[in-house]
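To start, the structure itself, in structure tokens.
No lab work stands behind these numbers, since they all come straight from the coordinates. Every value quoted in this text rests on a predicted model; they were computed, and no experiment measured them. As a convention, Cβ positions derive from the backbone with ideal geometry for all residues, glycine included, and neighbour counts pool all protein chains shown.
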Amino acid sequence: KVIGAKEEKQWYQRRVRGAFSRAFECVFSISKVGNQYLQYNQPWVLAKGSEVERARAGSVIALASNLAALLSVILSPFMPTISKILQEQLALPDDRKLFSEAFVPLLKSGHKIGNPFPLFSKIEDARVEELRAKFCGTDGSSGGVTDVAALQGEIEKQGNKVRELKAAKGDPALIKSEVAKLLELKKKLPAELQQQQQGKKKGKPATPAAPAKTTAPATPATPTTPAGDIAALQKEIELQGTKVRELKAGGADKAVIDAEVQVL
């Protein structure tokens, strides 16, 4: 009996019928069978034994590598990015990227794989805190995007209040007090958003809270996030978003999708 043969046949039949969600279940089944096969045979132990055991270790690794190659092929309709990375690690030739109803070894004897590395890396709590500290905003809060949105809501509300007081010719002292509150709220915005707001005001007449030279540029807030780091973060977000979309499109387990969404 060939390891994973039954699951591959099910995958092929379901894919032909267009039952892609059910076909994707077979991907997890083959992965599970492969992991069980490795854990049961423990090639890392056999490799330290007798000549016969070392030969057995080689056979186990060869079959496991072919299972990984099979997974890289049948994953391609659901998670093309992950499939491509896995095939690059395996150095899988283009003429071996075959869909088949029956299990066929895709890696020939003596094949050399590339440099393997984990396809999915766990984001440790320390890394989460590092990213939160770097991108949470100038006030050092840890609420992220949600807090920024709430802060912008407060700014809009306070701005309306100031405009209403000015339109009604309210008490100057009261107006000055409310403008001061508005400015304090704006200072809590991330530096990038402060700069955007300053850019929007260019060319518009504005009534400042205190006399100021119209030619003097506003003092920019100290940026908390270098442009290079922002670009790197955007790249991480794009890659993680692609991973989530591929999992959803492939009908992956909800728990897996939820975990990746949390990372995103």
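With a ≥ b ≥ c the root eigenvalues of the C-alpha gyration tensor of the range 1-135, is it rounded (a/c under 1.5), prolate (a/b larger than b/c) or oblate?
oblate
Can you work out ³J(HN,Hα) from phi for every residue in the range 88-95, in order, using Karplus 6.51 cos²θ - 1.76 cosθ + 1.60 and θ = phi - 60°, giving whole Hz and x for Gly and Pro?
Each residue of the range 88-95 in turn: 5, 5, 7, 6, 6, x, 4, 6 Hz.
Under a Cβ-only charge scheme (Lys and Arg +1, Asp and Glu -1), can you give me the dipole magnitude of the range 37-102 about the Cα centre, in debye to the nearest 20?
Numbers: 6 positive and 6 negative charges, 32 e Å.
I would put it at about 160 debye.
Ranked from highest to lowest mean number of other Cβ atoms within 10 Å per residue, what is the order of the peptides 164-171, 31-38, 116-123?
So the order, starting with the most tightly packed, is 31-38, 164-171, 116-123.
Kirkwood Rh over Cα pairs of the range 75-130 into Stokes-Einstein at 20 °C, 1.002 mPa s: D in µm²/s?
D = 157 µm²/s.
From the backbone phi of the range 66-79, what are the Karplus-calculated ³J(HN,Hα) couplings (6.51 cos²θ - 1.76 cosθ + 1.60, θ = phi - 60°) in whole Hz, Gly and Pro given as x?
5, 5, 5, 5, 4, 4, 4, 7, 6, 7, 4, x, 9, 10
Greater than 26 Å separation of Cα atoms is the criterion. Which listed pairs, LYS122/LYS186; LYS186/LYS243; LYS48/LYS112, meet it?
LYS122/LYS186; LYS186/LYS243
Straight-line reach from LYS97: which aspartates and glutamates fall under 12 Å, measuring Cα to Cα and dropping same-chain residues less than 8 apart?
The qualifying aspartates and glutamates are GLU88.
Karplus couplings for the range 33-39 from phi (6.51 cos²θ - 1.76 cosθ + 1.60, θ = phi - 60°), rounded to Hz, Gly and Pro as x?
Per residue, the Karplus-derived 3J(HN,Hα) values read 4, x, 5, 5, 4, 5, 5 Hz.
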